[in-house]
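Engineer: A single structure is presented below for examination.
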Amino acid sequence: MFCTACAAFNRPAGSRCASCGAAFRATTMAPVLELARQPVGLPAALPAGLLPRPMPGLRRALAVAPLVALVVLAVLAFRAEQERDARRYREAEAAVATGRYPVAIEAFGAAGGYRDAPERRDDLIAALAPHRAATAGAALALAAGNHDAAIAALLPVVRAVPRDDEATRLLAEARRARAAALLAAAAAAEAGQDWLEAERVLATLAAEDPDDPDLAARLATLRREHAPLLLTRDRALYLVGPDGAGERLVTGAVPAAWPVWNPDRSRIAFASLDPDTPRSGIRLFVVDASGENLTQLATGLRPYAPPVWSPDGTRIAYTREADDLAEGIALRSIRVVDVATGHETDLSAGRFADASSPTWSPTGDRLAFVVRDGGGQDPSIAQLTHPQIAEIWIATPETGALVSLGRRAAPTAWRIAWSPDPTADRLVVYGRTDGTSFDRGTIAVLDPATGKAKTVNPGLATVSMPVWSPDGTRFAYVEGPTTVRVHAASGAPGDWPARTLTTPDPVSSNLSWSVDGGAVFVAGGPSSLAYVLALDPVDPQAASGVEPEGIVLPFDLDRRLSGAPQWSPLNPAPAATPETVDGVALDG
């Protein structure tokens with residue numbers, strides 16, 4: 001049954017529309033049924049019951065239909081937009097999780113008002129604003145040729161925003177440009193025979209590109225053939241190549257003795273005897289390797305030994321000899337002076353009559369020294385007797401604490417040296433067998449944690465004070481007139497293998513290691529030649545067993561105020577390491 005009120009179809013039975021409740025008229029369908037009974041064909045005229053009549057419900061339905069369709073389409077479009085925004089929001093969150101912040105900003109923006117997308121986008125923009133500014137500044141620095149400034153500005157950006165393509169590209173470009181500039185600077189320094197500068201530049205490049213064999217070979221050759229030695233001649237301070245060439249005066253403004261490199265070989269400390277003052281007029285000076293900034297730091301240095309730089313190069317330890325005497329014996333104390341301020345500290349705290357031979361631990365947190373006779377006693381001791389009994393003490397400069405290793409640890413100790421190897425806590429001890437004589441000496445290695453020492457040589461020959469290699473894995477000393485012994489510091493001290501090298505003619509007891517630790521320089525005597533003895537040849541194909549060639553290298557050979565050559569620092573600075581993104585040079 002068709003309802004004319006609402007245009008709904010109903011079952012044939014019933015008198016009212018199931019949809020709108022309107023009553024059906026009995027005459028409504030009769031003409032239709034009558035028409036259906038007639039033969040097929042068009043009637044001449046429609047029955048009166050089929051004549052068009054007003055249908056207000058149908059008209060309303062037809063009028064509403066477009067609106068309904070629009071609503072349906074709007075709902076579908078809204079749902080599609082919501083799904084698209086949700087998808088972009090998820091993409092933004094994934095980009096944040098992987099550090100692709102520029103992508104995240106774009107995706108949050110495309111997410112429209114979905115959830116907190118606008119706020120998240122604004123927060124990221126605000127967080128990245130300093131990095132954007134740093135990147136822009138780095139681009140300007142790079143354009144101006146200031147590569148170091150560009151790299152310094154870009155490294156934090158690439159660390160914080162590892163997927164920032166622009167910052168990463170600029171960092172790589174800055175590093176390439178810096179490497180090219182450094183290579184040019186190294187070539188210029190080599191041409192001008194400024195070997196310290198050339199080595200500094202090449203070492204920086206090698207640290208940034210450790211897998212470049214040509215660069216490594218070039219640096220090794222420079223260090224072995226040209227890295228300068230320090231020495232004094234006629235009380236003037238000089239730099240000279242290990243082949244005796246390229247000599248350059250550093251300073252002759254004051255008398256110089258006992259010159260020593262600071263850890264990075266940019267400055268030199270030395271003792272200076274003031275001829276116008278009494279015995280205590282030995283002063284401590286520092287000067288740049290270029291000869292500039294000559295500065296006096298302290299007075300009253302004891303002769304016979306050089307000052308000692310701390311591993312970080314900020315302090316210098318030395319033995320001070322007092323003006324007043326105790327029963328004819330000078331009072332000696334261990335002092336530390338701050339290089340920047342000149343502030344001086346007495347580490348021996350006035351407790352000892354004869355303290356000497358200060359040596360820094362590889363980390364610079366402790367300082368060991370030798371006390372002979374009267375160790376721990378009042379400095380007003382009446383008389384020092386022989387044979388002397390030695391005691392090794394360790395001071396902690398930060399706290400002023402003093403600890404003795406005991407009189408049985410090294411009773412004949414005369415001089416000591418701490419290994420520069422930070423992974424192996426050990427002291428090498430040079431002793432006099434009878435407490436006074438230099439005719440025979442003993443060498444032992446001592447563990448400062450336990451106080452236990454192991455003798456390395458039998459003490460039957462004349463030996464020099466041992467010197468540690470720059471990495472602390474070996475030490476060398478001169479034995480007799482023509483022999484150099486090199487011990488490897490591995491395993492038990494008694495089992496350390498020794499390598500023996502010989503010189504064609506007698507040499508002095510003054511020995512120093514090359515910067516790379518692959519050779520030792522042994523100074524000549526008053527009328528003999530000096531020698532470079534290679535332990536690790538720069539050229540792997542170099543023939544072994546070839547007799548070394550001596551060089552003439554005169555210096556102030558004075559036991560009290562020596563000017564003996566020094567090739568490398570006693571406490572070398574760690575190898576240069578460039579700033580990196582993830583701990584690997586040239587990464588990012």
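Engineer: Which of (1) of a type in the set (S, T, N, Q); (2) within 31 Å of the chain's Cα centre (by Cα); (3) modelled with pLDDT under 85 does Ser514 not meet, given it meets every other one?
Structural biologist: (3)
Engineer: Which residue out of Ala424, Ala409, Ala461 is within 34 Å of the chain's Cα centre (by Cα), at pLDDT below 90 and not in a strand (DSSP E or B)? Please lay out each step first, then the result.
Structural biologist: Details: Ala409 fails: within 34 Å of the chain's Cα centre (by Cα); Ala461 fails: within 34 Å of the chain's Cα centre (by Cα).
That would be Ala424, the only listed residue that is within 34 Å of the chain's Cα centre (by Cα), at pLDDT below 90 and not in a strand (DSSP E or B).
Engineer: Also, I was wondering about something else. Cβ contacts < 7 Å: first residue at pLDDT 90 or above, restricted to the stretch 446-457; second residue of a type in the set (Val, Ile, Thr), any location; separation 6+ or different chain. Result?
Structural biologist: Filtered contacts from the stretch 446-457: Leu446/Val429; Pro448/Ile394.
Engineer: Here is a follow-up. From the list Ala138, Ala133, which residue is exposed (fewer than 13 other Cβ atoms within 10 Å of the Cβ), of a type outside the set (D, E, K, R) and in a helix (DSSP H, G or I)? Full working, then the answer.
Structural biologist: Numbers: Ala138 fails: exposed (fewer than 13 other Cβ atoms within 10 Å of the Cβ).
Exactly one of Ala138, Ala133 is exposed (fewer than 13 other Cβ atoms within 10 Å of the Cβ), of a type outside the set (D, E, K, R) and in a helix (DSSP H, G or I), namely Ala133.
Engineer: Which helices (runs of 4 or more DSSP H) sit wholly inside the stretch 153-265 and have at least 2 residues that are farther than 30 Å from Ala133 by Cβ and charged (D, E, K, R)? Steps first, please.
Structural biologist: Working: elements: 165-191, 195-208, 213-225.
Result: 195-208, 213-225.
Engineer: When you check Asn571 against the structure, is it modelled with pLDDT under 90 and touching a Pro at 6+ places or on another chain (Cβ under 9 Å), yes or no? Reasoning before the result, please.
Structural biologist: Values: modelled with pLDDT under 90: yes; touching a Pro at 6+ places or on another chain (Cβ under 9 Å): yes.
Judged against the criteria, Asn571 is a match.
The values are calculated or read from the model by the stated rules, or taken from the named source; none is laboratory data. Since we're looking at a predicted model, the values are computed, not measured. Here the Cβ is made from the backbone with ideal geometry for all residues, glycine too, and neighbour counts use every protein chain on show.
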